[in-house]
1. Considering segment 254-299 alone, what residues qualify as being touching a Pro at 6+ places or on another chain (Cβ under 6 Å), of a type in the set (S, T, N, Q) and not in a helix (DSSP H, G or I)?
2. Looking for something touching a helix residue (DSSP H, G or I) at 6+ places or on another chain (Cβ under 7 Å), modelled with pLDDT under 95 and either under 26 Å from Trp144 (Cα atoms) or among the aliphatic types (A, V, I, L, M) (or both) - is there at least one such residue anywhere in segment 281-291?
3. Mind listing just one residue for me: the one in segment 50-81 that is hydroxyl-bearing (Ser, Thr, Tyr) and surrounded by fewer than 20 Cβ atoms within 10 Å (Cβ to Cβ) and, of those, nearest to His320 (Cα to Cα)?
4. Determine if segment 342-353 includes at least one residue that is outside any helix (DSSP H, G or I) and either surrounded by fewer than 19 Cβ atoms within 10 Å (Cβ to Cβ) or modelled with pLDDT of 95 or more (or both).
5. Which ones in segment 157-186 are among the polar types (S, T, N, Q) and modelled with pLDDT under 95?
6. Only one of these conditions is not met by Arg202: (1) more than 19 Å from Gln294 (Cβ to Cβ); (2) in a helix (DSSP H, G or I). Which number is it?
7. In segment 189-212, which residue that is surrounded by 14 or more Cβ atoms within 10 Å (Cβ to Cβ) and over 30 Å from Leu110 (Cβ atoms) is nearest to the chain's Cα centre (by Cα)?
8. Residue pairs, Cβ under 8 Å, 6 or more apart or interchain, first in segment 193-213 and over 18 Å from Ala236 (Cα atoms), second crowded, with 17+ Cβ neighbours inside 10 Å and of a type in the set (Lys, Arg). List them.
Amino acid sequence: MIDRRELLHGTVVTAVLAARPAWAQIGDSPRAAMARAAGAFLAALEPGQRRAAMLPFTQDERLNWHYVPRSRSGVAFKEMSAAGRAAAHELIKISLSGVGYAKAVNVMKLEEVLRQLETFGGLLRDSEKYYVSVFGAPDAAGAWGWRLEGHHLSLNFTLVPSRAISVTPAFFGANPAEVPSGPQRGQRMLADEQDLAFTLVRGVDPSLRGRLVIAAESPGDIVAGPGRADSLKTPAGISLGELGAEQRALALRLVETYARNMRADIADDELRRMREAGVENVRFAWAGPIDPWQPHYYRLHGPTLLIEYDNSQNRANHVHSVWHDPRNDFGVDPLRAHYQRSHHRERHKLLTA
């Protein structure tokens, strides 16, 4: 064991429940499963809630992600009936792995811990103030997506026909990172994300430390946060190709920890894309002391992924972590290809008519 120190409504819903999406192929089980679960969720809502939950796919709100407590679009768990909550949880379960689902639920439960720990502001914490939104129609041949979001949690899914499902940005946070007291004392929501990283960084050859550690202090938060997606253009640190076999395997386990929050078939596809782009093109960087009790930060950055982890606030007991696909957050690249292909087909029809 690694030591701690180390706008479409009723008719859309009915159609989704009645049949498998017409555009889903045999190999599209994640796509079909999500569409059915999203449709079942919408069907379980009251009409007014359904209207609030369904937003146009092209609306800028789809890209408006954040992890701080604030007002959000969609429908909160506290507003849903028991049937609505159950359907929402089924949508989350279908989209995530068992591990990812447990993390998401436990992030929400930490709001109750904060309610007990905080002298000021504790009453504002609410484990049911997490919102589900559906963008576009989940049975349509066009693109659609959905989001789960609240304090320290932002999970964004984009589904474009004939393209890989985009599952980023995916943000998980934990405050406190280790619960200091009460019934959940000692519980750590994002333990592997920290423990594997410290085992990795401590085992890196000392000759590489000068390039591995990119700053003496943590930046204080993730860098590529909301509205700052382009903040990190050039990967920093050392290439995974420079690591020994054992450390490289640890680095890949760390990447997998983030990918495996998603359902297995999606995670497998993401990891395959990383390997095809070249593991040697992924770089690992560290900022701050190599001490879990001091503010610290790390980054894994390659052609298909950008992972950031920061544990700086509250005396290094408050974690922010995010996984991006630099070319595919919110399905931007698949959408571009999809629309270009559609435009080409329409132009071809006009020329041959």
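1. Those that are touching a Pro at 6+ places or on another chain (Cβ under 6 Å), of a type in the set (S, T, N, Q) and not in a helix (DSSP H, G or I): none in segment 254-299.
2. Taking every residue of segment 281-291 in turn, none turns out to be touching a helix residue (DSSP H, G or I) at 6+ places or on another chain (Cβ under 7 Å), modelled with pLDDT under 95 and either under 26 Å from Trp144 (Cα atoms) or among the aliphatic types (A, V, I, L, M) (or both).
3. Ser71
4. Filtering segment 342-353 down to residues outside any helix (DSSP H, G or I) leaves 353.
Now narrow it down to the ones that are either surrounded by fewer than 19 Cβ atoms within 10 Å (Cβ to Cβ) or modelled with pLDDT of 95 or more (or both): 353.
The answer is yes; a qualifying residue exists.
5. Within segment 157-186, Ser162, Ser181, Gln184 meet the criteria.
6. The single condition Arg202 does not satisfy is (1).
7. Looking at the filtered set, the residue picked out is Leu212.
8. Listed pairs, sorted by first residue: Gln194/Arg188.
The values are calculated or read from the model by the stated rules, or taken from the named source; none is laboratory data. Because the structure is a prediction, the values reported are computed rather than measured. All Cβ positions, glycine included, derive from the backbone under ideal geometry; neighbour counts span all protein chains shown.
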